[in-house]
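Below: one structure, written as C-alpha cells.
The values are calculated or read from the model by the stated rules, or taken from the named source; none is laboratory data. Treat the numbers as computed from the prediction; the structure is a model and nothing was measured. Positions of Cβ are generated from backbone atoms using ideal geometry, with glycine treated the same way; all protein chains shown enter the neighbour counts.
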Amino acid sequence: MYSVKEPDGGTPLRISTRRVTLEIDGTRVTVPAGTSVMRAATDAGVRVPRLCATDTLEAFGSCRLCLVEIEGRRGFPASCTTPVEAGMKVRTQSDRLAQLRRGSMELYISDHPLDCLTCPANGNCELQEMAGVVGLREVRYGYSGENHFALAKDESNPYFSFDPTKCIACSRCVRACEDIQGTFALTLEGRGFASKIAPGAGSFLASECVSCGACVQACPTATLMEKSIVDHGQPDHAVVTTCAYCGVGCSFRAELKGSEVVRMVPDKNGQANHGHSCVKGRFAWGYATHPDRVKKPMIRASIDDPWREVSWEEALGYAASQIRRIQAQYGKGAVGAITSSRCSNEETYLVQKLVRAGFGNNNVDTCARVCHSPTGYGLKATLGESAGTQNFDSIDHSDVVVVIGANPTDAHPVFASHMKQRLRAGAQLIVIDPRSIDLVRSPHIAAAHLLQLAPGTNVALINAFTHVIVTEGLHKEDYVRARCEPAEYEKWKAFICQPRNSPEAMQETTGVPAEQVRAAARLYASAGNAAIYYGLGVTEHSQGSTMVIAIANLAMVTGNLGRPGVGVNPLRGQNNVQGSCDMGSFPHELPGYRHVSDPAVRAMFQAVWGVAIEPEPGLRIPNMFDAAIDGSFRALYVQGEDIAQSDPDTQHVTKALRAMECIIVQDLFINETAKFAHVFLPGSSFLEKDGTFTNAERRISRVRKVMPPLAGMADWEVTVALANTLGYPMHYEHPSQIMDEIASLTPTFTGVSYEKLDRLGSIQWPCNDRAPDGTPVMHVDEFVRGKGRFLVTEYVATSERTSRAYPLLLTTGRILSQYNVGAQTRRTQNVVWHGEDRIDIHPHDAEQRGIVDRDWVAVRSRAGETTLRARITDRMQPGVVYTTFHHPESGANVVTTENSDWATNCPEYKVTAVQLAKVAAPSEWQRRFDEFTKEQHDLLPGT
Ligand code: SF4
Ligand code: SF4
Ligand code: SF4
Ligand code: FES
C-alpha cells in the first residue's frame with residue numbers, strides 16, 4: 001500500500017560524478033553538478049513553492065513562484081532554472097520573497113474560478129496548495145477583470161476533459177506531450193493574458209493526441225482531468241502494480257477510493273516506463289469490472305446444450321472427471337493445455353506443472369508459439385540465450401537504431417516514446433518494413449532509410465545488408481575472432497559474401513533498390529553503437545527463425561553485442577510472453593529452457609514434484625489441432641487464451657475445437673474459444689491477484705492484488721484446485737511460494753524472491769549468485785553459450801506466392817488503441833478509435849478494383865474469405881494490403897494460412913496471397929459466425 005501523492009523533487013534528477021556543495025537556508029547540501037537550486041533545496045528538506053516545475057520535465061521558468069535570494073547575486077532568480085554552484089548561499093524564505101510570491105499567486109487566482117469545494121481536483125490541486133503555501137488571503141485585483149471564464153470545455157476525449165477556464169498557462173502539458181510522449185499535439189498559443197493551450201485540429205479527439213495521459217498527469221490544476229476522478233472523486237490510497245497489456249511492462253500506481261479503482265497513474269519509479277504510459281494501461285482498465293465478466297463456473301455436456309452455473313467444486317470435479325475419463329479411454333496423451341502470456345509467471349508455471357505432473361505428458365504449449373517462438377530458437381542457437389539482450393534504457397546509448405518488422409508507436413508505445421527521445425537527440429533510424437510506419441516520419445524525426453521490402457523477403461534483405469558490411473570490410477573481425485566460433489564463422493562468411501547475396505542480386509526479390517540497402521548497411525556498420533529492435537514482422541514467417549539467426553549474425557559480425565546501446569531486442573507482444581516461455585510452457589522445455597529429454601534436468605524436477613516426467617516432447621498447438629481432427633487428442637485446458645480468434649486458419653481451428661470432447665476455458669469473458677467449451681472457469685484480471693510478469697527486457701515485476709477476485713478465486717488458485725481434484729496434490733498459500741519453487745529449480749531465477757522484488761522494484765534475469773541484482777545487459781564478456789555461433793541463413797521463398805487468382809499480399813498487425821484479440825480493449829472506450837478492423841489498400845490497387853474508402857471488400861485467400869471495410873492509404877506499397885485482427889467478426893484469420901516457420905511452427909501471419917473485390921454482403925463465414933454467436937449467446941444463463 002502506498003500513499004497517493006508521490007514526492008516531487010521539482011526538476012529532474014541529474015547524474016554526475018562531480019558533486020557540488022552549497023548552503024540552503026543555512027543547511028549544507030551536496031548534490032550532483034547540474035542539479036537545480038530547487039532540487040537541491042528538496043534534498044535539503046526545503047520545498048520551494050512552484051507551479052510550472054515538476055521533476056518529470058525540464059524546467060521552464062514561467063510562473064515566478066520559486067524565486068529565491070542568492071548571496072552576492074542581484075534580483076530574485078528562479079530556483080527551478082538556476083543550476084547549483086559550489087559555495088552558493090541560498091535563502092528560500094524572506095519577507096520580500098513572500099511578497100513577490102503572493103503577488104504572482106494573486107494574478108493567477110484573479111483569473112481562476114473560485115469553485116474549489118466542488119472542483120474534482122479539490123485536495124489534489126497544486127494551485128490550491130500553493131495559494132495556501134504562499135499565504136494568499138486576498139486578491140487585490142478583484143475577480144471582475146478580464147478573464148477566461150467563458151471558454152468552453154473540451155469533453156471530446158473519452159477519458160479526460162479539458163477545462164480551459166482553469167488553465168494557468170504553465171505549459172507543463174505542452175512539454176509533457178513534446179518531451180515525454182513525443183507527439184507534439186499541443187501548443188501554447190498567444191502571449192501574456194491571451195496565452196492559451198490548444199490541441200491541433202480544435203479538439204483533443206480530432207488532434208494528433210494519442211491519449212497517453214502525460215499531459216493530464218503533468219497538469220497542476222483541474223484543467224486536464226481524468227473523467228473517472230470527476231465521476232468518483234479523489235483516491236485515498238494506491239497500490240503499485242504492472243500493466244497487463246503489452247511487453248513494455250509499465251509500472252502503475254492503481255489509485256483507489258475505498259475498494260474501487262479510480263485511476264491508473266504510471267509510476268515514476270517504474271524501471272521500464274519511468275512514469276510514462278499509453279492509452280491502454282493508463283485508461284483502458286474498465287474491462288476488469290465490465291458486466292460481461294463471467295463470475296460463476298459453468299458446465300455443459302455438449303456445445304449445443306445450455307450452460308449450467310455450478311459451484312467451483314462441481315465445475316472442477318466435472319473437468320477432472322472428464323480428463324481422467326478421456327485419458328482412460330484414449331490414452332495419457334489425449335489431453336493437454338495451453339498457457340497464457342497474459343497470466344502471471346506463477347500461473348503459467350502451475351499450468352505446465354499440472355500438465356507434466358498431473359496429466360503425465362508434455363502436451364503444453366503457449367501463445368508464444370504464434371508470435372515469438374522463432375526468437376527463442378534463433379537467439380538460443382546463436383547466442384545461447386533465447387531472450388533480448390538489453391534493457392530499454394540501453395537505447396540512450398545508441399547511435400543508430402534499426403527497427404525491423406515492428407511498429408513500436410502502436411504496439412510498444414511507451415518504449416516508442418523513449419526511442420523517439422533518443423532519435424530527437426540525434427540517433428539515426430533505419431526502418432525495414434513493408435509499410436511506412438509512423439516512426440518513419442514524426443515530429444522532429446525522419447528515418448535515414450526506409451527499406452520497404454516485399455512481405456516474405458526479410459531473409460533476402462538482411463543477407464544483402466550483411467553482405468555489404470562484410471564484403472566492404474566494415475565488420476569487426478577482431479571482435480568475431482575473440483568471441484565467436486571460428487570454423488562456423490568462416491563457413492558463414494563464405495556464404496554471405498557470395499555474389500548471389502548482394503543487394504543487386506536480391507533487388508528483384510526484395511523490391512528494395514540496391515543502393516538503399518548499401519547506404520543503410522554502411523550507416524549501421526559505421527555507428528559507434530547500433531541496436532536492432534524487431535517484432536512479429538520478423539518472426540511470423542515461414543523463415544522466422546532464419547531471420548532471427550540472421551539478425552544475431554549481423555549483430556555479432558559488427559560487434560554490436562555485450563554493452564549498452566547495442567544488441568538484439570525482440571519487442572514482445574503480450575505482457576508476459578517472455579515469462580510464459582521462461583516458465584516452461586513449450587512442450588519440449590521445462591522452466592529455464594531445459595530440454596525434457598535431459599535426464600539430469602528431469603531428475604531435478606522429479607525430486608521436487610514427486611512424479612516421473614515424460615522424456616518425450618509433447619504436442620505443439622498446431623499438432624494438437626491436427627490430432628484433435630484425427631481423433632487422438634480429446635481434451636484441452638486453455639487458460640487466458642483465445643485460440644479460436646488468434647490462431648491462423650480459423651476454419652481449421654474451429655474444426656479441431658468441435659472435434660474435442662472436453663474443452664476447459666478459463667477466462668474473463670465468453671471469448672470465441674469458450675463458444676466451443678464444455679467447462680468455463682471464471683478468470684481473474686491482473687487487478688485481482690498477486691504474481692509477477694516478465695517484460696521484453698527480461699524484467700520481472702510484481703503484480704499486486706488491488707481488489708478481491710470477482711469470482712472468488714485467482715487464476716493460480718483455480719489451477720491448484722484443479723490439480724488437487726485430479727489427484728495431483730499442490731499446496732501453495734501465496735504466489736510467493738510458487739516463485740520460491742521456480743527459483744529453486746531454475747538457474748536463471750535462483751536469486752529471485754518477492755522480498756527482493758519489493759526491495760529492488762524489479763529484476764532482470766538472470767538473477768543468481770553471479771548476478772544477485774539481475775542482468776541489464778547480456779553477453780558482456782562472453783556469450784551465454786561461450787562462443788557465439790554463426791549459422792548460414794539461406795533465403796528460401798515462402799510457398800505462399802501471389803498468382804493471377806491471388807495477386808496481392810496481405811500482412812497483419814495491431815494498432816495502438818486495441819490489444820491482440822481485443823477481448824479487453826473492445827470492452828473499453830478505446831473503441832472510439834478503432835471500432836472495426838479495416839483493410840488498408842494502396843490507392844493504385846483500390847482504383848484498379850473500383851474500390852473507394854469505406855467500401856465493403858471481400859478478402860479471399862486459398863484458406864477462406866472474409867469481408868472488411870476499405871481504407872485507402874499510401875502507407876501501403878502497391879501490391880500489399882494490411883489488416884488488424886482485433887474484432888472477431890472481421891475474421892482476419894479466416895484468410896491466413898497454415899504455413900509456418902520451419903523450426904517452430906510459428907504461423908506465417910505476415911504473408912497471405914489474397915484477392916480483393918468490392919461486395920455488398922458479408923462472407924459466408926461471417927454469416928455462419930453471426931448465427932453461431934447468436935446460438936451460443938442464447939445458451940448462456942439468464943438469456
Ligand atoms: S494525452 Fe498524450 S498525446 Fe494527447 S495531448 Fe496529452 S500528452 Fe499529448
Ligand atoms: S492545461 Fe494544465 S498543464 Fe497545461 S498549461 Fe494549463 S494548467 Fe498548465
Ligand atoms: S506501453 Fe504497454 S505496458 Fe505500458 S501502458 Fe501501454 S500497454 Fe501497458
Ligand atoms: S516553478 Fe520555477 S518559475 Fe515556475
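Residues that are touching a residue at least 40 places away in the same chain (Cβ under 8 Å) and more than 30 Å from Ser156 (Cβ to Cβ) number at least 2 in the following strands (runs of 3 or more DSSP E) confined to region 790-905: 808-813, 856-861, 865-872, 880-884. Among the residues making up region 582-613, those that are assigned to a loop (DSSP other than H, G, I, E, B) and among the aromatic types (Phe, Trp, Tyr) are Phe586, Tyr593.
Take Lys268 and tell me if it is closer than 13 Å to Ala238 by Cβ and touching a Ser or Thr at 6+ places or on another chain (Cβ under 8 Å). Criteria met by Lys268. Condition (residue is closer than 30 Å to Asn671 by Cα and at pLDDT 95 or above) applied to region 596-611: is it met by at least one residue? There is no residue in region 596-611 that is closer than 30 Å to Asn671 by Cα and at pLDDT 95 or above. Here is the figure for region 240-259: residues that are in contact (Cβ under 8 Å) with a residue 40 or more places away in the chain and away from ligand 3 (no atom under 16 Å from the Cβ) total 2.
The single residue among Ser417, Ser436, Ser398 that is closer than 23 Å to Thr509 by Cβ and under 31 Å from the mean Cα position of the chain (by Cα) turns out to be Ser436. Residues of region 31-52 being assigned to a loop (DSSP other than H, G, I, E, B) and touching a strand residue (DSSP E or B) at 6+ places or on another chain (Cβ under 8 Å), which ones? Ala33, Gly34, Thr35, Ala44, Gly45, Val46, listed by residue number.
Among the residues of region 546-584, those identified as at pLDDT 95 or above and of a type in the set (Ser, Thr, Tyr) are Thr546, Thr558.
I need a count of the residues in region 175-220 that are assigned to a helix (DSSP H, G or I), among the hydrophobic types (A, V, I, L, M, F, W, C) and in contact (Cβ under 8 Å) with a residue 24 or more places away in the chain.
8
For region 171-223, a residue qualifies if it is among the hydroxyl-bearing types (Ser, Thr, Tyr) and more than 12 Å from ligand 2 (Cβ to nearest atom), and the qualifying residues are Thr183, Ser203, Ser207, Ser211. Total residues in region 156-167 satisfying the condition of being away from ligand 4 (no atom under 16 Å from the Cβ) and either part of a loop (DSSP other than H, G, I, E, B) or aromatic (Phe, Trp, Tyr) (or both): the figure is 7.
When you scan region 61-80, do you find a residue that is more than 16 Å from ligand 3 (Cβ to nearest atom), among the β-branched types (Val, Ile, Thr), surrounded by 15 or more Cβ atoms within 10 Å (Cβ to Cβ) and assigned to a loop (DSSP other than H, G, I, E, B), even just one? Scanning region 61-80 turns up at least one residue that is more than 16 Å from ligand 3 (Cβ to nearest atom), among the β-branched types (Val, Ile, Thr), surrounded by 15 or more Cβ atoms within 10 Å (Cβ to Cβ) and assigned to a loop (DSSP other than H, G, I, E, B). The condition (being of a type in the set (A, V, I, L, M, F, W, C), within 16 Å of ligand 1 (Cβ to nearest atom) and in contact with a Pro (Cβ under 8 Å, 6 or more places away or on another chain)) is satisfied by just one residue among Leu57, Leu67: Leu57. Answer yes or no as to whether Cys170 is closer than 29 Å to Trp285 by Cβ and within 16 Å of ligand 4 (Cβ to nearest atom). So Cys170 fits the description; yes. On the basis of being within 16 Å of ligand 4 (Cβ to nearest atom), of a type in the set (Lys, Arg), touching a Pro at 6+ places or on another chain (Cβ under 9 Å) and modelled with pLDDT of 95 or more, does Arg18 make the cut? Spelling it out, it is not the case that Arg18 is within 16 Å of ligand 4 (Cβ to nearest atom), of a type in the set (Lys, Arg), touching a Pro at 6+ places or on another chain (Cβ under 9 Å) and modelled with pLDDT of 95 or more.
From the list Gly879, Gly891, exactly one residue is modelled with pLDDT under 85 and either among the small types (Gly, Ala, Ser) or in contact with a Gly (Cβ under 6 Å, 6 or more places away or on another chain) (or both). Which is it?
On inspection, the qualifying residue turns out to be Gly891.
I'd like the residue in region 744-788 that is in contact with a Cys (Cβ under 7 Å, 6 or more places away or on another chain), in a loop (DSSP other than H, G, I, E, B) and of a type in the set (Gly, Ala, Ser) and, out of all such residues, is surrounded by the fewest Cβ atoms within 10 Å (Cβ to Cβ). Applying the filter and picking the extreme gives Gly751. Do the conditions hold for Pro772, that is, is it under 22 Å from Leu383 (Cβ atoms), of a type outside the set (A, V, I, L, M) and modelled with pLDDT of 95 or more? Against the criterion (under 22 Å from Leu383 (Cβ atoms), of a type outside the set (A, V, I, L, M) and modelled with pLDDT of 95 or more), Pro772 does not qualify. Applying the set (1) over 26 Å from Gly565 (Cα atoms); (2) among the polar types (S, T, N, Q); (3) surrounded by fewer than 22 Cβ atoms within 10 Å (Cβ to Cβ) to Ser436 leaves exactly one unmet item: (1).
Collect the residues in region 169-189 that are β-branched (Val, Ile, Thr) and more than 8 Å from ligand 1 (Cβ to nearest atom), keeping them in residue-number order. If the condition is that a residue be β-branched (Val, Ile, Thr) and more than 8 Å from ligand 1 (Cβ to nearest atom), then Val174, Thr187 are the ones that fit. Is region 64-80 home to any residue that is in contact with a strand residue (DSSP E or B) (Cβ under 9 Å, 6 or more places away or on another chain), closer than 30 Å to Val20 by Cβ and among the aromatic types (Phe, Trp, Tyr)? Yes, that holds for at least one residue. Any residue in region 304-332 that's more than 11 Å from His678 (Cβ to Cβ): show its pairings with residues that are loosely packed, with under 14 Cβ neighbours inside 10 Å at Cβ separation under 6 Å, as long as the two are six or more apart or on different chains. The qualifying pairs are Glu309/Pro941.
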